[in-house]
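This report concerns only the one structure given below.
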Ligand SMILES: [Zn+2]
């Protein structure tokens, strides 16, 4: 098995150095492309050049955010292989659907598909032996934006039950100690959860007010992303019966 990265040319506050496009080779020339990224001729050409002389079998996407999926259909067409994902999204229409428990064969390799919602509803991770392609479920060097916190935590805890030696994320470098990183992700989310609750107790009633308190030290360019995560925290706090929404403002419920 051989794994290669081609970095997409889309650096930015939300994408770090850019999206990691991964090429997985079974060692005998059968390959799949994972997360080709945004539509970009130069990046498509770089991928095509790297695949020359090999046997492409599919283009997979971990989720349909626009920094991961839109190049999948045009690239798959050029390669004459299916675009594979959990479902359609902006700029992406899968030719072949996979879901939790599906297996994608690449020559002599089997990719096991795990549905890992939370960062995005349609998020998938791909496990090959003891390595995992994690998309934006777990990334290198920072935490991720969360849309549905309850599902996200459940998806993280699922990884805690697996033997994984190395992760290849959608952004940032390879993750060499996955167990430690996933444990940190869970702890970080739980800590943020308490910080969001504390902000509400201290009088912050809207997503914007909570972001200002909890993310005071964070680059303001990231505040729109932080707002989505804060919203996810508030929704879960409400589900847990720890806050209530009144006239559009979050209010704490005193513990009884
Ligand atoms: Zn994403």
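Throughout, read-outs are computed from the coordinates displayed, never taken from laboratory work. All values reported here derive from a predicted model rather than from experimental measurement. Methodologically, a virtual Cβ is constructed for each residue, glycine included, from the backbone with ideal geometry; neighbour enumeration extends over all protein chains shown.
Points worth noting:
- Checking each residue in the stretch 186-202 for being touching a helix residue (DSSP H, G or I) at 6+ places or on another chain (Cβ under 8 Å) and more than 20 Å from residue 151 (Cβ to Cβ) picks out 195, 199, 200, 202.
Per-residue answers, yes or no, for (1) touching a strand residue (DSSP E or B) at 6+ places or on another chain (Cβ under 8 Å); (2) surrounded by 15 or more Cβ atoms within 10 Å (Cβ to Cβ):
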position: 194; (1), (2): no, no
position: 200; (1), (2): yes, yes
position: 203; (1), (2): no, no
position: 218; (1), (2): no, no
position: 224; (1), (2): no, no
position: 238; (1), (2): yes, no
position: 243; (1), (2): yes, yes
position: 249; (1), (2): no, no
position: 252; (1), (2): yes, yes
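- Residue count for the stretch 114-137, restricted to those that are touching a helix residue (DSSP H, G or I) at 6+ places or on another chain (Cβ under 6 Å) and either away from the ligand (no atom under 13 Å from the Cβ) or in contact (Cβ under 8 Å) with a residue 40 or more places away in the chain (or both): 1.
- Residue, surrounded by the most Cβ atoms within 10 Å (Cβ to Cβ), within the stretch 138-148, restricted to residues that are more than 11 Å from the ligand (Cβ to nearest atom) and closer than 22 Å to residue 13 by Cβ: 138
- In the condition set (1) surrounded by 19 or more Cβ atoms within 10 Å (Cβ to Cβ); (2) in contact with a strand residue (DSSP E or B) (Cβ under 7 Å, 6 or more places away or on another chain); (3) under 21 Å from residue 13 (Cβ atoms), residue 172 is compliant with all but (1).
Table: residues versus (1) under 19 Å from residue 251 (Cα atoms); (2) not in a helix (DSSP H, G or I).
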{"site": "137", "(1), (2)": "no, yes"}
{"site": "155", "(1), (2)": "no, no"}
{"site": "168", "(1), (2)": "no, yes"}
{"site": "180", "(1), (2)": "no, no"}
{"site": "187", "(1), (2)": "no, no"}
{"site": "193", "(1), (2)": "yes, no"}
{"site": "205", "(1), (2)": "yes, yes"}
{"site": "212", "(1), (2)": "yes, no"}
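- Residue selected from the stretch 33-62 under the condition away from the ligand (no atom under 15 Å from the Cβ) and in a loop (DSSP other than H, G, I, E, B), by the criterion nearest to residue 124 (Cα to Cα): 39
- The set of residues from the stretch 63-91 being buried (at least 22 other Cβ atoms within 10 Å of the Cβ) and either outside any loop (DSSP other than H, G, I, E, B) or within 16 Å of the chain's Cα centre (by Cα) (or both) comprises 63, 64, 65, 68, 69, 72, 75, 76, 83, 84, 85, 86.
- Residue identified as over 19 Å from the mean Cα position of the chain (by Cα) and farther than 20 Å from residue 113 by Cβ among 213, 189: 213
- Sole residue being away from the ligand (no atom under 16 Å from the Cβ), surrounded by 16 or more Cβ atoms within 10 Å (Cβ to Cβ), more than 10 Å from the chain's Cα centre (by Cα) and not in a strand (DSSP E or B), chosen from 159, 111: 159
- Scanning the stretch 93-108 for residues that are outside any loop (DSSP other than H, G, I, E, B), under 21 Å from residue 75 (Cβ atoms) and within 21 Å of the chain's Cα centre (by Cα) returns 96, 97, 104.
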